[in-house]
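Structure record follows, encoded as structure tokens.
The values are calculated or read from the model by the stated rules, or taken from the named source; none is laboratory data. Bear in mind that the values here come from a model prediction, so they are computed numbers and not experimental data. Please note: Cβ atoms are built from the backbone with ideal geometry, for glycine as well, and neighbour counts cover all protein chains shown. Ligands, DNA and RNA are excluded from the accessible area calculation, which covers all protein heavy atoms including side chains. Shrake-Rupley method; radii C 1.70, N 1.55, O 1.52, S 1.80 Å.
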Amino acid sequence: MDLNEKIDMIGRLYLGLEQIEDCKEFSALIPEVRTNFVYASKESTTPGDVLAVDGRISVVDGFPKAIGRIKFGASGYMAHLLLEIRKKDSEIRSIIDFANNPKIAEFLKAYCKGNGWDFSVVDRRFEPENMKDAEGEAISWMVEEAIQATGGKMPRVFYETGALGKEPVSILTGKDPLEVAEQICKLARSYHESGQRTR
């Protein structure tokens, strides 16, 4: 990876992160394990080729806030997940994770349908033990399941149901961090508005 690509990647993830930190509504979608926002280089093959938020994104004074700086190799699980996704669709270079529960799941189903997005659900109770990698996750299996559920296409949004000791999370995919940030903020605001209407 040359210096120009590194500068471009850091700039894009930083600007995407700024959007998210300004989006108060996203705070309601940050899971207990906190959120990470990752971006892979064009020729990525290892987590060291993936830019991420060191320490993840938490909530500070009601707003999303990056706990550490952005750097290459700062993510384990999300970097591995993105690398697996890129094996199926190399156009996808950035993903973000966010919370899931029955209310969010119901919202996501309707929101994705309304936006014409492919959407799927992965039931991690069926995660095969013999496919688990160094992260203790069957990540390649999960990506395959997400794709099969949409008829062979990588979904724009998918979520994992919880398994023993694992918090259920949702994933939004995109071509770069600016696109992902814009879409997750729109989604968060729509979720907030839907909650307001049901009160």
Relative contact order (%) - criterion: Cα under 8 Å, at least six apart; region: the chain: 24 percent
When the accessible area of the range 16-85 is split by element with a 1.4 Å probe, what percent falls to carbon and sulfur? 44 percent
Determine the per residue accessible area of the chain with all protein chains present and a 1.4 angstrom probe, expressed in square angstrom. 50 Å²
Rounded to one decimal in nm, the spacing of the 7 Å Cα→Cβ label points at Asp8 and Lys186 is 2.4 nm
Spin-label point model (7 Å from Cα, Cβ direction): what's the Phe63 to Lys153 distance in nm? 3.7 nm
Add -39500 (n - 2.57) for each DSSP H run of 4 or more in the chain, then divide by its residues: what number comes out at 222 nm, to the nearest 500 deg cm²/dmol? -12500 deg cm²/dmol
Among (1) 31, 17, 15; (2) 43, 17, 11; (3) 23, 22, 16, only one was calculated for this model; which label is it, if the read-out is semi-axes √(5λ) of the Cα gyration tensor in Å? (3)
Segments 170-179, 183-192 sorted - mean Cβ within 10 Å per residue, highest first: 170-179, 183-192
To the nearest 20 debye, the chain has a Cα-centred charge dipole, built from +1 on Lys and Arg Cβ and -1 on Asp and Glu Cβ, of 520 debye
Using Cβ-Cβ distances only, list the Cys residues of the chain with no partner cysteine under 4.7 Å, sorted by number. Cys112
Nearest-20 debye value, the range 13-86 charge dipole, Cβ charges on Lys, Arg, Asp, Glu: 140 debye
Sparse-neighbourhood loop sites, trypsin sites (Lys or Arg not before Pro) in the range 1-50 - DSSP loop, at most 13 other Cβ within 10 angstrom: Lys42
